[in-house]
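Report on the structure given below.
The values are calculated or read from the model by the stated rules, or taken from the named source; none is laboratory data. The model shown is predicted, which means the values in this text are computed figures rather than measured ones. All Cβ positions, even for glycine, are placed from backbone atoms using ideal geometry, and neighbour counts span all protein chains on display.
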Ligand code: PRT
Ligand code: ZN
């Protein structure tokens, strides 16, 4: 038995999706320009699809699992379960209006024409806020709609914000924060479920490792206590004697969030020769 996964064929999620599977130790044969491939070392078959089709394939069980943006998953409103947030493909679905216009809250959208590729989510947002507006569904280049007179405002995905800026628009409402997620069909059998767990176990180890760094440093023995107090570590740091009398080597793991702060404190506390090394996998 093989687990079937649907990922984007090309586009913004493709590279990261393939990379994630590789980092999970899953070798894929010849991924370029294929509709389908399989792995030799993990019971996985990969389907390459348009992202818009992935929720449907997973709901129908044509694919057991899939990688897709939350924006697409919720817009398509299909039945599938999110198994894991993957931390890439981050963006938000926002309403943007011409920069020169005043905005006084959602009421400002009353009676407006909204261009979007996300009619379902926009409709839901309007209904929740009791706004009557006209939705114009368009499939691409949504941001040019106000400029060409097709709409008054837009609801589109934003990441850096530069597309809005270039088109003279400003972001006024965030409808959804989104990232790529692993989804699964709602009625997998026990065997499939086991394989999903195996994959998720690996994904978590990869994600955790990316979020952490391995750190090695030298310190005089009389400073070791103070240095250890600064290090969170997985259990406690490893302390090894150096060849030079009176010195030790301290090894630990640091989270990226607090990394630079702690490095500064370690230096101030007398740490020397600090080495920082990426971690490939981290199994807790
Ligand atoms: O061919 P297929 O249908 O599979 O792909 P697609 O063209 O529909 O989607 P694609 O590849 O563009 O995006 C796939 C997924 O990436 C989206 O569904 C989101 O989950 C995620 N993602 C993350 C983004 C962005 N960031 C993003 N910035 N998708 C699109 N954009 C676009 C946005 O629509 C706008 O045009 O980038 C522009 C804004 O970017 P900034 O950086 O200028 O703000
Ligand atoms: Zn698409």
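Side notes on the structure shown:
- Only a single criterion out of (1) within 15 Å of ligand 1 (Cβ to nearest atom); (2) assigned to a loop (DSSP other than H, G, I, E, B); (3) in contact with a helix residue (DSSP H, G or I) (Cβ under 7 Å, 6 or more places away or on another chain) is not satisfied by residue 10, namely (3).
- When segment 137-150 is filtered for residues that are under 29 Å from the mean Cα position of the chain (by Cα) and outside any helix (DSSP H, G or I), the ones remaining, listed by number, are 137, 138, 139, 140, 141, 145.
- From 45, 84, 75, residue being more than 21 Å from the chain's Cα centre (by Cα) and either assigned to a strand (DSSP E or B) or within 14 Å of ligand 2 (Cβ to nearest atom) (or both): 45
- Criterion: more than 22 Å from the chain's Cα centre (by Cα) and buried (at least 17 other Cβ atoms within 10 Å of the Cβ) - qualifying residue of 114, 100: 114
- Within the set 95, 172, 83, the sole residue that is over 30 Å from residue 210 (Cα atoms), surrounded by fewer than 20 Cβ atoms within 10 Å (Cβ to Cβ) and modelled with pLDDT of 95 or more turns out to be 172.
- Residue within segment 53-70 that is in the same structural domain as residue 201 (by the TED database), within 15 Å of ligand 1 (Cβ to nearest atom) and farther than 22 Å from residue 192 by Cβ present: yes
- The selection criterion, being outside the structural domain of residue 202 (by the TED database) and either free of Cβ contacts under 8 Å to residues at least 24 places away in the same chain or within 16 Å of ligand 2 (Cβ to nearest atom) (or both), does not hold for residue 19.
- Scan segment 241-275 for residues that are at pLDDT below 95, loosely packed, with under 14 Cβ neighbours inside 10 Å and assigned to a strand (DSSP E or B) and the total you get is 1.
- The lone exception for residue 58 - which of (1) in contact with a strand residue (DSSP E or B) (Cβ under 8 Å, 6 or more places away or on another chain); (2) free of Cβ contacts under 8 Å to residues at least 24 places away in the same chain; (3) assigned to a helix (DSSP H, G or I) it fails: (2)
- Qualifying residue in segment 89-100 (condition: over 21 Å from residue 161 (Cα atoms) and part of a loop (DSSP other than H, G, I, E, B)): no
- Within segment 54-72, the set of residues being over 21 Å from residue 16 (Cβ atoms) and either within 16 Å of ligand 2 (Cβ to nearest atom) or surrounded by fewer than 17 Cβ atoms within 10 Å (Cβ to Cβ) (or both) comprises 56, 60, 61, 62.
- Flag for residue 133 being surrounded by 16 or more Cβ atoms within 10 Å (Cβ to Cβ) and farther than 14 Å from residue 172 by Cα: yes
- Top-ranked residue of segment 13-23 - restricted to ones that are away from ligand 1 (no atom under 16 Å from the Cβ) and buried (at least 17 other Cβ atoms within 10 Å of the Cβ), ranked as farthest from residue 70 (Cα to Cα): 23
- Taking the criterion of being under 28 Å from the mean Cα position of the chain (by Cα) and surrounded by 17 or more Cβ atoms within 10 Å (Cβ to Cβ), the only residue of segment 227-240 that qualifies is 231.
- Selection within segment 143-164 - surrounded by 14 or more Cβ atoms within 10 Å (Cβ to Cβ) and more than 7 Å from ligand 1 (Cβ to nearest atom): 144, 145, 146, 150, 151, 152, 153, 154, 155
- Selection count where residues are touching a residue at least 24 places away in the same chain (Cβ under 8 Å) and under 16 Å from residue 226 (Cα atoms), scope segment 236-253: 7
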